[in-house]
1. Please average, across the residues of B:307-317, the number of beta carbons from any other chain that are within 10 Å of each residue's own beta carbon, and give a whole number.
2. Give the Kirkwood hydrodynamic radius (Å, one decimal) of segment A:24-163, defined as one over the mean of 1/r across all pairs of different Cα atoms.
3. Equivalent-ellipsoid semi-axes (√(5λ), Cα gyration tensor) for segment A:66-118, whole Å, largest first?
4. What does the charge dipole of chain A about its Cα centre add up to, to the nearest 20 debye, if the Cβ of each Lys and Arg holds +1 and the Cβ of each Asp and Glu holds -1?
5. For a quick size check, give me the Cα extents of segment B:59-214 along its three principal axes, largest first, whole Å.
6. Which links in A:Lys237/B:Lys269; A:Lys136/A:Lys266; A:Lys11/A:Lys129; A:Lys11/A:Lys158; B:Lys304/B:Lys339; B:Lys217/B:Lys310 stretch past 18 Å when you go from one Cα to the other?
7. What dipole magnitude, in Debye to the nearest 20, does chain B give about its Cα centre under +1 on Lys/Arg Cβ and -1 on Asp/Glu Cβ?
8. Residue by residue through segment B:261-272, which ³J(HN,Hα) values in whole Hz follow from phi under the Karplus form 6.51 cos²θ - 1.76 cosθ + 1.60 (θ = phi - 60°), with glycine and proline marked x?
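The values are calculated or read from the model by the stated rules, or taken from the named source; none is laboratory data. Note that the structure is predicted; figures quoted are calculated from it, not measured. As a convention, Cβ positions derive from the backbone with ideal geometry for all residues, glycine included, and neighbour counts pool all protein chains shown. We work out accessible area using only protein heavy atoms, side chains counted, and drop any ligands, DNA or RNA first. Shrake-Rupley method; radii C 1.70, N 1.55, O 1.52, S 1.80 Å.
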Amino acid sequence: MENSYNSKPAKILNITKHTQVEWSFLLETTIEYTPGQFVFVSLPHVSEIPITISGFRKNAIEITVRNVGTVTSELFKLKVGDAIYYRGPYGELFPLDQYDNEHLLLIAGGSGMAAVKSLVEYYLEYSLKNNKPKLKKLDLVVGFRTPKHVLYAKELKKWGKNSDVIVTVDKHEDEDESWLGGVGFVVDFIKDIQDLGRNSRVVVVGPPVMMTNTVRELLSYNIQEKNIWLSFERHMKCGIGKCGHCRIRDKYVCLDGPVFNYIEAKSLID
Amino acid sequence: MPDYTEKNTKITFNNLLKDYKIYAPVKQPGAGRLSSTDLITYDYVSSLAEIVFDEKTYFSPKAVLFPTRETMYVSRETMYVSKNGSLTDSLEKTEQEIPITILFLRSCDIHALKVLDTMFLKNGNFEDPYYKKRRENIRIFLLECPEAFETCFCVSMNTNQTQDYSVFLKKEKNGYSVKVQDQEFAKYFPDNVTEEVEPRFCQKDSPSEKTKVTIPKNIDTEIFKHPLWDEYSARCIACGRCNTSCPTCTCFSVQSVPDKDEPGVMNRKRIWSSCQIEDFSRLAGDHKFRKSVGDRMRYKVLHKVHDFEKRNGFSMCVGCGRCDDVCPEYISMQKSIHKINEVTAQEMK
């Protein structure tokens, strides 16, 4: 019998250091392009944790990790060429077919950018190369705490050439005078999005308060509830609907999410 | 007249013990929560006399299928960073540990097995292999309940009766009567069974409960904000005893624990977890959901009587009343269900 909890080893192909505590690891795997899904990353001697897949390459995936706990602090000791274990991918992905030929607005706060990044890459890179349906327009609004906390700075600059990208920080200190982006919460920048209408598709990923406020603002622009998607982050120990930690009402974030349409998400109160 | 005399039943029981392990309600003298009280709980038995037929257990029998702590993986590589770091799953060990086991269960606890099966074998179409190995080796002997115990409400929850058992062993004055439903056990009870005995199933909830418990339907999130939960914030001490005594709670956490005997070896264990404890929902970065104890009580109660049923089609709570029995603050599950019904009825008006 195949053990559902079995992990496989994956070689670390590259490490990108965004900030001191936020790094991306490129792992050698055969996982297909499934934006929105997550993997369980396991260090045999330590433990395992769920991590969103932030990017897909040929025979590789990228995970973006913040060094905050037992597993992540051990992960930050690894080098290119070392192996880690993983299982998955798990969960529901973004419903890509519903975005075909539509205006898509992606709004991310902090590490929520990891989930959104895989979607941006899907449209700006993968779908172009592979003759997949395109979008009418792609907008991206990303917020970080301060200029020091910005993730994927290089990518954000690159994407800005082909789509509208707004990068904002909650606040910036005097020494950050070189900061050229906006200052304020992402919700304050929704008004700057051109062509935002009833049929625009919107994806919001970030801390709970940010998602609540952002959705409230979006609804005031008459965006339809069915056109809004959120991605949830919850405590998980298994990823396969057994450990019970991620349950909200009759849903399991690991099985029925992490991506939820707002019509469903609005009644998912912890 | 019993089918078997006391003496003959003992012989049969000893024959069963040669082929099976037997897990049943026992009395542990002096081990009760209060001084000079006994603890009635589940354990492996080595004689028929140890089995307590007429009292409710403090803990549920679930630990035999879902141990309090269980090693899922063993890591022998000190340097996991090496390319050859390895994890070995401990399923083989699980298999060795679990010979075929007879479980003496009451009707409610047999119904509770359906909840455990749903979570571990069906939810999300993933099978939990550790549970599955144990489950395959379980045989059920029924314990009858002619009357409900204090705090029981199985009749309200429709779990007071069952046909899902291999053997019913009834304790009588001068011996035992037997109903064998599973051919696997026919040879242990040879043909001196004169007439088949039928188990008695209680038809009324606990005598101290006057109101039938009604399972609330179609609860929306309006009730989340209701002040009824504030009372629990004041009373509940978030100890999680209700979860550890519950026959249907299955949540677990995972920890890596150094092996006691082999230095450098780490065991990745799963351990029972409780939704009543604050850290249950804690995320990296210290974000927590359900900070108030009342919200955690609401999360638990609505799962037991509403959310699980919405997902799986039948109620999670089996009405065994153990959560009431073990609560140090005398919080009653039945009363909280009554309150939910009162509030939802008012909202309907």
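1. What the average comes to for B:307-317 is 2.
2. The answer is 16.0 Å.
3. Each semi-axis is the square root of five times an eigenvalue, giving 31, 15, 10 Å.
4. Charge dipole of chain A: 540 debye, to the nearest 20.
5. 66, 45, 27
6. From the list (A:Lys237/B:Lys269; A:Lys136/A:Lys266; A:Lys11/A:Lys129; A:Lys11/A:Lys158; B:Lys304/B:Lys339; B:Lys217/B:Lys310), the Cα-Cα distance tops 18 Å for A:Lys136/A:Lys266; A:Lys11/A:Lys129; A:Lys11/A:Lys158.
7. 720 debye
8. Along segment B:261-272, the couplings run 9, 9, x, x, 9, 10, 9, 8, 10, 9, 9, 3 Hz.
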